[in-house]
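Inspection log for the structure reproduced underneath, given as structure tokens.
The values are calculated or read from the model by the stated rules, or taken from the named source; none is laboratory data. Keep in mind it's a predicted model, so treat the numbers as computed, not measured. Here the Cβ positions follow ideal geometry from the backbone for every residue, glycine too, while neighbour counts run over all protein chains shown. Note: accessible area is taken over every heavy atom of the protein model, side chains too, but ligands, DNA and RNA are not part of it. Shrake-Rupley method; radii C 1.70, N 1.55, O 1.52, S 1.80 Å.
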Amino acid sequence: MPKLIVFLFLFISSINSWCQSYSIEVKVVDVSNLSLQAATVELLKADTSLLKVQVTDSAGSALFTGIANGTYILRASRVGYQNYYSPAFILTSPIAQLPVTLHAVSGELSNITISARKPFIELQPGKTVVNLEAGITNSGTTAMEALEKLPGITIDKDGNISLKGRSGVTVMIDGKQTYLDPAQLSTLLNGMSSAQIGQVEIMDQPGARFDAAGNAGIINIKTKKSGQKGFNGSISTSYAQGVYPKNNNSLQLNFRSGSWVLFLNYSANISRNFTRIYALRTYLEEDGKTVATLLEQPTFLASNGQTHNLRTGVEYSMNAKTSVGITFTGLFLNRKGNGNNPALWMSPNRTEDSLIQTISFSNTQWKNGGANFNFKHMFSPTGELTFDFDAIGYRIRGDQFFENNLIAPTNYSEAARANIPSDINILSAKADYTGQWKSGKWEAGWKTSSIHTNNLAEYDYRDGATWKPDLGKTNHFLYNENIHALYTSAQFNKNKWTVQGGLRYEMTGYEADQLGNAIVKDSSFSRNYNSLFPSFFTSYKIDSSNTISFSAGRRIDRPAFQKLNPFLFIINKYTYQRGNPFYRPQYTWNMELSHSYKGFLLTGLGYSITRDYFSQVFPIDSNGIVLYTEGNLGKLKILTLSIGTQVSPTGWWNVSAQAAMNHKNMQGFVERMYNVTITQFHFNLNNQFRMQKGWAAELSGFYTSKSQNDIQEIVDPAGQLSIGISKSVFNNKGTLKLAARDLFYTQWMKGNTFFTGATEYFKLTRDTRLANLSFTYRFGKTFKTTKRSSGAAGEEIQRVGNG
């Protein structure tokens, strides 16, 4: 590793020695000398052909790097302002600073109309950007339901998210980690309305600037925020009907004037849902072949609840170079559930032996509050410093009740109840500096985070008519974790080459205490570890149509702190779940070679190897009870071939398609040695149809072949097909959408789990086949233009505004 680090930095230094080019810094202001954000700046050659395009940041700055000496022209535009053309100029200094002043368009802006629309998917090297609000069938969905339709993303029956067949994805919201375990993250995303989301960034090879967590990459959910001046906003409501009704409502408000920006996003989700699980467990004799007995468990779980989600904040530009902001977030979730779970024991010829009827009730309440303070300063001529501080708190309360009734051959009853509160407090701070120069940029930063959790599980059992403490299951778990990180990276541009190298160092330490009682002894464990995470990216532009790229990096996944807790969680009478205090982090090397053809066809060949990889394991005891837990196994190797394209066969039809093939090999020991190899496929297709008079339609779907994420479990093929239609109303200020999801009810999760001495077939279905009607109304100033854009993201964001 030291040799690798020395080689990396010597290589970067050598590249810098031969990269000699020019940079142009453009500062865009209005006639009052106020910075103009989201202005489009185009660098043209002397013959007026386009060379590069940039979008100004919050300080009104745009930077062009890697420019060869020559004669150029600048063109700048922004909605509501007259276009600007500079005189032709020749580069004479390594860094040229060019001021641009835009003049507002005279007359009433309300008479201009919009026709530009964001593409649903933008394919970029190393990143896929999904403009979620451009998808018709996403209306009325939760964030989790919207994610599972996106390219390369799959979600298993437990709510774990995978990317291109690899689990271990870090999910961020507006660039901030949630610090939740998969079950808690699933609860959060299922309670969040997709109407709050503007974009989703999918990065399978993030650089050193990002946390090293997430061996499969990062999914960054970006909430909506308008860049328009004045007061504007939108309100939306939707009604969905499956087996049960669902209702999603959201409100977005923005105010931008002078140096001030205020925003508010609120959503309310009210829904009823169900989960139907069929499981047939086959117990085997010692020979591993002869059937000993069968256990059939058809389970029906119903739930209803509501979630309120709030995000609000203010930003202030102190001057043209410095801005500060503060953001507050809040979440309230209340969910009640009940279940009916009969357990039928049968002989091998399916003769009934005994029947146990289990009923359950649960109540979950979340309260979450957070605050973020951010600071940004631009240094002359090309430096930028940002600072963020976050304080987040979760207060989670849960109650459970189980009653088992032996109906045949005799009558018997037993009951248990549990009080499971959890408190999570998170403090995090980070600082990032970016410096630009004539041939590239340099980044460096620091981050520290502290997580404190307090988890209590109080179990009681019923003794006649009296409730007594069940000290054998009761548990009090305290966990404290600190992570500190430093990173640096550099990027160089020379003619057709772009090279970026980075190195991140992270140090982790945690202490965990399991407080005992009269039966359970006190126990504690701690761990300290640190590691280096190098990353590398290079691309070469072969010609105007073809670009090849190579990327590599090392990443880490830390066990969720709840999964280190060794306490027992009751799923039903014959299925328990337990944490693992010996859970270690897993480390992954990812490499990918990719090719881009004219920006619309991306192909990639990737390889990853994970050591001590995470997997669910399912040991079974002598009483036939399956214990779900997680731990580290051996090696996981994945070879990936991916292809993605976005084409427009006609002016009114846009097609986005992505496909990935994974050849996976898993090795590990769970009561016996496993060596499993499987090839699996994932395909995603989205058709957008734009018609006249404000009509639009969508046909989309995805398919996942037989797959395997855990060494003891194989999942059968699944997928869904969705359709939708929309109509612009009220002079394009409103949009009415009608959509139907999972038309053929094929978004199931079914397959087989293999235990030592038993196998289990399972099938899980949810309330996924829905018809949804939604309405969105936009108010305030709407800046519009009749010019269509071919895909300059910054320009389209400004033109589309909050729509």
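What FRET efficiency would be calculated for the residue pair Met691, Asn374, taking the C-beta separation as r and a Förster radius of 30 Å, to the nearest 0.05? Plugging the Cβ-Cβ distance into 1/(1 + (r/R0)^6) gives 0.10.
List, in the order given, every pair from Lys246/Lys367; Lys222/Lys693; Lys367/Lys430 whose Cα-Cα distance in the structure shown is over 27 Å.
Numbers: Lys246/Lys367 22 Å; Lys222/Lys693 30 Å; Lys367/Lys430 25 Å.
Too far apart for the 27 Å limit: Lys222/Lys693.
A DSSP coil position with no more than 10 other Cβ atoms inside 10 Å describes the following trypsin sites (Lys or Arg not before Pro) in region 582-663: Lys598. Charge tally for Tyr316 (other residues, Cβ to Cβ under 14 Å; Lys, Arg +1; Asp, Glu -1): +2.
Quick check of the Kirkwood formula: for region 448-544, what is the inverse mean of 1/r over all pairs of different Cα atoms, in Å?
Numbers: mean 1/r = 0.0551 Å⁻¹.
It is 18.1 Å.
When the Cα gyration tensor is reduced to axis lengths a ≥ b ≥ c, the ratio a/c is 1.5 or higher for region 161-295, and with a/b not above b/c it is classed as oblate.
The DSSP beta bridges internal to the chain are antiparallel in roughly 95% of cases. In this structure Asp460 has an accessible area near 40 Å², from a 1.4 Å probe over the protein heavy atoms. By the rule of a C-alpha distance below 12 Å, with chain neighbours fewer than 8 residues away ignored, the aspartates and glutamates paired with Lys127 are Glu201, Asp204.
Derived scalar couplings between HN and Hα for region 585-600 equal x, 10, 10, 9, 9, 10, 9, 8, 10, 10, 9, 10, 10, 6, x, 10 Hz in order, rounded to whole Hz, by the Karplus curve 6.51 cos²θ - 1.76 cosθ + 1.60 (θ = phi - 60°), x for Gly and Pro.
Need one number: the % of Cα-Cα pairs in the chain sitting beyond the 47 Å mark. Display every interim value, and only then the final one.
Working: 74949 of 322003 pairs.
The proportion of pairs with Cα distances above 47 Å equals 23 percent.
Note on region 232-275 and region 496-565: Cα centroid distance 34 Å, given to the nearest whole angstrom. The calculated Kirkwood hydrodynamic radius for region 433-503 is 17.3 Å, given to one decimal from all distinct C-alpha pairs.
Applying the criteria of a DSSP loop state and at most 14 other Cβ atoms within 10 Å to the chymotrypsin sites (Phe, Trp or Tyr not before Pro) of region 474-573 yields no site.
How much length, in nm to one decimal, is gained on full extension between Asp543 and Glu352, taken as 0.36 nm per residue of separation minus their Cα-Cα distance?
Details: separation 191, 0.36 × 191 = 68.76 nm, distance 7.19 nm.
So the extension gain works out to 61.6 nm.
Quantify, in whole percent, the carbon and sulfur part of the accessible surface of the chain (1.4 Å probe; protein heavy atoms only). Working shown, then result.
On the way: 20390 of 34830 Å².
It is 59 percent, rounded to a whole number.
Using θ = phi - 60° in the Karplus curve 6.51 cos²θ - 1.76 cosθ + 1.60, the 3J(HN,Hα) couplings for region 441-457 round to 8, 10, 10, 8, x, 9, 8, 9, 9, 9, 10, 10, 10, 9, 10, 10, 10 Hz; x is entered for Gly and Pro. For region 418-473, the alpha-carbon radius of gyration amounts to 2.44 times the rule-of-thumb value 2.2 N^0.38 Å expected for a compact globular protein. Beta-bridge orientation, region 160-227: approximately 65 percent antiparallel, per DSSP, counting only bridges with both partners inside. For the pair Leu427 and Ile570, the difference between a 0.36 nm per residue extended length and the Cα-Cα distance amounts to 48.3 nm. For a straight C-alpha distance cut-off of 16 angstrom, the aspartates and glutamates reachable from Lys737 (same-chain residues fewer than eight places away being disregarded) are Glu133, Glu698. In nm, to one decimal, how far is the modelled label at Asn334 from the one at Ser648, with both set 7 Å along Cα→Cβ? Between Asn334 and Ser648, the label points sit 4.9 nm apart. What value, in deg cm²/dmol to 500, does the helix sum -39500 (n - 2.57) over DSSP H runs of n ≥ 4 give at 222 nm once divided by the residues of the chain? -1500 deg cm²/dmol, from helical runs alone.
Set the Förster distance to 30 Å, then compute FRET efficiency between Ala415 and Lys521 from the Cβ-Cβ distance, nearest 0.05. Numbers along the way, then the final one.
Working: r = 27 Å, r/R0 = 0.91.
After rounding to 0.05, the efficiency reads 0.65.
With a simple spin-label model that places each label point 7 Å from the Cα along the Cα-to-Cβ direction, the separation between Val291 and Arg578 comes to 3.0 nm. Under 21 Å of direct C-alpha separation, and excluding same-chain neighbours fewer than eight residues apart, Lys763 reaches these lysines: Lys149, Lys157, Lys573, Lys706, Lys750.
Taking Cα pairs under 8 Å and at least six residues apart, what relative contact order does region 343-432 come out at, in percent? Can you show the working numbers first?
On the way: 184 pairs, mean separation 27.3, N = 90.
It comes to 30 percent, rounded to a whole number.
With the simple spin-label model, which puts each label point 7 Å out from Cα in the Cβ direction, the Leu34 to Tyr777 separation comes to 2.8 nm.
In the chain, Cα pairs under 8 Å separated by at least six residues give a relative contact order of 13 percent.
Looking at region 634-715, which GluC sites (Glu not before Pro) are DSSP coil and have at most 15 other C-beta atoms within 10 Å of their C-beta? If you can, show how the numbers build up before the last one.
Working: sites: Glu671, Glu698, Glu713; in loops: Glu671.
Here the GluC sites (Glu not before Pro) that fit, given the DSSP loop and packing criteria, are Glu671.
Screening the chain for DSSP H helices whose Cα atoms reach 15 Å or more along their own axis and whose mean Kyte hydropathy is at least -1.0 gives 2-18. Measuring nothing but alpha carbons in region 258-345 and taking Rh as the Kirkwood radius, the Rg to Rh ratio lands at 1.44.
Rounded, prolate or oblate: which one fits region 232-288, using the alpha carbon gyration tensor with axes a ≥ b ≥ c (rounded when a/c is under 1.5, else prolate when a/b beats b/c, else oblate)? In terms of gyration-tensor shape, oblate. Averaged per residue, the chain has 43 square angstrom of accessible surface, using a 1.4 angstrom probe with ligands and nucleic acids left out. Once the Cβ-Cβ distance of Asn247 and Lys45 is raised to the sixth power relative to R0 = 51 Å, the FRET efficiency obtained is 0.40.
Computed on protein heavy atoms with a 1.4 Å probe, the accessible areas place Ser615, Ser360 in the order Ser360, Ser615, largest first.
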